[in-house]
Amino acid sequence: MSRLTGGETAKDDVNRRRNLGFFFDQSVARRPDKVAIIDLFGGRECCATYRQLDERMNGVASMLARLGVTPGERVAMLIGNRTEFIEFFFGAMRAGAIPLPLNTRLAAGTLDEIIVEAACALAVVDPSSHRDALAIAQRLPLRQRLLLGRARARDRAQADRRRGQRRR
């Protein structure tokens, strides 16, 4: 296991400050338990603190790397107005990837063209965001496809409660 020298640590800090994926770092440091996002997707309120959001964005970055997304590759995001949009947008940048947020009101053919022209390696698709979302994901030349589900708010809330109980 190698140790970072002072120069390498300083270089990491500079790179981290230059990466928009770490936009929330100061908020996480100052007020980690403050609510960062209130998500009303699916008709249920789900809150996430800056610490939780930071953990999820790191999780997305790690997952993308495990799926083979490399720095500089594009990640298409066909996601509606929900917390996962923020998690994938900033998480992709943390992994060095380029998030490509897509307007969910565009026609399917237009979305196809954008994703193909951008040469996206992966697409994150929220089936509830566009009536043709699944068909778009299936027919495009992508290495990977991730589908978001509806149960996530309940599952995430349960996981957050378990984490909170362990901290006490």
Can you give me the number of residues within segment 93-125 that are crowded, with 16+ Cβ neighbours inside 10 Å, of a type outside the set (A, V, I, L, M, F, W, C) and on the phi < 0 side of the Ramachandran plot? 4
Out of Val124, Val75, Val69, which single residue is closer than 16 Å to Gly21 by Cβ, touching a Leu at 6+ places or on another chain (Cβ under 9 Å) and part of a loop (DSSP other than H, G, I, E, B)? Val69
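Is it true that Ala36 is in contact with a Leu (Cβ under 7 Å, 6 or more places away or on another chain), farther than 24 Å from Pro141 by Cα and at pLDDT below 95?
Details: in contact with a Leu (Cβ under 7 Å, 6 or more places away or on another chain): yes; farther than 24 Å from Pro141 by Cα: yes; at pLDDT below 95: yes.
Yes.
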Say whether the condition of being at pLDDT below 95, surrounded by 20 or more Cβ atoms within 10 Å (Cβ to Cβ), of a type in the set (Lys, Arg) and within 29 Å of Gly43 (Cβ to Cβ) is met by at least one residue in segment 81-92. yes
For segment 80-109, what are the residues that are more than 17 Å from Leu142 (Cα to Cα), in a loop (DSSP other than H, G, I, E, B) and not polar (S, T, N, Q)? Gly80, Arg82, Ala95, Gly96, Arg105, Leu106, Ala107
Looking at (1) under 13 Å from the mean Cα position of the chain (by Cα); (2) in a helix (DSSP H, G or I); (3) at pLDDT 95 or above, which one does Ile115 not meet, given that it meets all the others? (1)
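Which of the following residues is among the hydrophobic types (A, V, I, L, M, F, W, C) and in contact with a Lys or Arg (Cβ under 6 Å, 6 or more places away or on another chain): Ala76, Ala36, Ala65, Ala61?
Working: Ala76 fails: in contact with a Lys or Arg (Cβ under 6 Å, 6 or more places away or on another chain); Ala36 fails: in contact with a Lys or Arg (Cβ under 6 Å, 6 or more places away or on another chain); Ala65 fails: in contact with a Lys or Arg (Cβ under 6 Å, 6 or more places away or on another chain).
Within the list Ala76, Ala36, Ala65, Ala61, the selection yields Ala61.
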Going through segment 66-79 in order, the residues found to be among the small types (Gly, Ala, Ser) and either modelled with pLDDT under 95 or farther than 11 Å from Leu122 by Cα (or both) are Gly72
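Any idea which residue in segment 24-79 is surrounded by the most Cβ atoms within 10 Å (Cβ to Cβ), counting only those that are hydroxyl-bearing (Ser, Thr, Tyr) and under 30 Å from Val116 (Cα atoms)?
Filtering segment 24-79 for residues that are hydroxyl-bearing (Ser, Thr, Tyr) and under 30 Å from Val116 (Cα atoms), the one surrounded by the most Cβ atoms within 10 Å (Cβ to Cβ) comes out as Ser62.
Answer yes if at least one residue in segment 41-48 is outside any helix (DSSP H, G or I), in contact with a Gly (Cβ under 9 Å, 6 or more places away or on another chain) and basic (Lys, Arg), and no otherwise. I'd like the intermediate steps shown before the answer.
Taking segment 41-48 as the starting set, the residues that turn out to be outside any helix (DSSP H, G or I) are 44-48.
Narrowing the set further to residues that are in contact with a Gly (Cβ under 9 Å, 6 or more places away or on another chain) leaves none.
Looking through segment 41-48, none of the residues is outside any helix (DSSP H, G or I), in contact with a Gly (Cβ under 9 Å, 6 or more places away or on another chain) and basic (Lys, Arg).
Those residues that are in contact with a helix residue (DSSP H, G or I) (Cβ under 9 Å, 6 or more places away or on another chain) and either modelled with pLDDT under 90 or not aliphatic (A, V, I, L, M) (or both), I need them from segment 130-143; list them, please. Step through it out loud before you land on a result.
If we filter segment 130-143 for residues that are in contact with a helix residue (DSSP H, G or I) (Cβ under 9 Å, 6 or more places away or on another chain), which is where we start, we get 130-137, 139-142.
Hits for segment 130-143 are His130, Arg131, Asp132, Arg139, Pro141.
Go through the residues of segment 137-156 one by one and say whether even a single one is more than 12 Å from the chain's Cα centre (by Cα), within 20 Å of Asp25 (Cβ to Cβ), assigned to a loop (DSSP other than H, G, I, E, B) and of a type outside the set (A, V, I, L, M, F, W, C). Working first, answer last.
Going residue by residue through segment 137-156, those that are more than 12 Å from the chain's Cα centre (by Cα) are 137-145, 147, 149-156.
When the remaining residues are screened for being within 20 Å of Asp25 (Cβ to Cβ), the result is none.
No, segment 137-156 has no match at all.
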Output for segment 127-136, where each listed residue is part of a loop (DSSP other than H, G, I, E, B) and within 22 Å of Asp39 (Cα to Cα): His130, Arg131
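The values are calculated or read from the model by the stated rules, or taken from the named source; none is laboratory data. From a predicted model like this one, the values you see are computed outputs, not experimental measurements. Backbone-built Cβ (ideal geometry, glycine too); neighbour counts: all protein chains shown.
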